[in-house]
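The values are calculated or read from the model by the stated rules, or taken from the named source; none is laboratory data. Remember, it's a predicted structure, so these values are computed and weren't measured experimentally. Ideal geometry is used to build each Cβ from the backbone, glycine not excepted, and the neighbour counts take in all protein chains shown. Only protein heavy atoms, including side chains, enter the accessible area calculation; ligands, DNA and RNA are left aside. Shrake-Rupley method; radii C 1.70, N 1.55, O 1.52, S 1.80 Å.
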Amino acid sequence: MTKLKILGAVLALVGLECMLAYFVIPSPEDVIEAAEMRARQHTATEPDVEDLTAVSDKATVEVDLKNFGITAYQPLANTTLRIDFHLYAMVNAENQGEFETLIAQNEHRFREQVLVTLRSSEVSDLTDPGLGLLKRKILEKTNRILGKPLVKSVIFSDYSFIEQ
């Protein structure tokens, strides 16, 4: 008799789980309908290819952010890194005055962030021909310091990297 009660309880539990799964798991038609609705919403909010590839008609200017000379000791490799470069920021011409004012107010914080970024970078980032990761990091930190996304891109000029 006890075995029948246990068997009945197990069957009731399995039946309850099957009913719950039937009501919770969507049917194939519901899945297709939801996917189509999501695709319609995605294409409605997606920008046109022309908008993404169009050249901005806003004039940009290069703003001099001065020379940098950094020496960093790498204790694990027992080497010293010497990095020299001239840094420029690309800013919309209409924002140049505001940018120069903000960068003058935050000059020391900006230089410190550039130094920290370069000193904490891996050698592979410092030897990358395009310096892509360094540019993105400096761009993000500069805009954060300024409190506004005024800088459109960062340009390294006269870049020199020596490992001794």
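Sort 8-18, 119-129 by packing, meaning the average of other beta carbons within 10 Å per residue, with the highest value first.
119-129, 8-18
Report, ordered by chain and residue number, the lysines lying within cross-link reach of K137, taken as a straight Cα distance under 27 Å and ignoring same-chain residues fewer than 8 apart.
Counting by Cα, and skipping residues close in sequence, K137 has these lysines nearby: K58, K66, K148, K152.
If one takes the longest principal axis of the Cα atoms in the chain, at what angle in degrees, from 0 to 90 and to the nearest 10, does the Cα axis of helix 132-146 lie?
Result, in degrees: 80.
In nm, to one decimal, how far is the I155 label point from the T79 one, both placed 7 Å along Cα→Cβ?
Here the modelled spin labels are 3.0 nm apart.
Rounded to the nearest 500, what is the 222 nm mean residue ellipticity of the chain from helices alone, with -39500 (n - 2.57) per DSSP H run of 4+ residues and division by all residues?
That comes out to -17000 deg cm²/dmol.
What distance in nm separates the two pseudo spin-label positions at K135 and K58, each 7 Å out from Cα along the beta-carbon direction?
Taking the two extended label points, one gets 1.8 nm.
Nearest 0.05, what FRET efficiency do A93 and N67 give at R0 = 30 Å with Cβ-Cβ as r?
0.80
Where does helix 96-105 land angle-wise versus the long Cα axis of the chain, in degrees 0 to 90, nearest 10?
Around 90 degrees separate the two axes.
Under a 10 Å cutoff between Cα atoms, tell me which one of I103, I32, I83 has the largest fluctuation in the Gaussian network model of the chain.
I32
Nearest 10 degrees, 0 to 90: what angle lies between the long axis of helix 28-45 and the longest principal axis of the chain (Cα atoms)?
20 degrees
So what's the projected area for the chain, the Cα convex hull averaged over all directions, in nm²?
Mean orientational projected area (the chain, Cα hull): 20.4 nm².
Within the accessible area of the chain, what % is carbon and sulfur when the probe is 1.4 Å and the other protein chains stay in place?
Answer for the chain: carbon and sulfur cover 59 percent of the accessible area.
What length, rounded to one decimal in nm, is gained on full extension from R109 through to D30, with 0.36 nm per residue of separation minus their alpha-carbon distance?
The R109-D30 span can extend by a further 23.0 nm.
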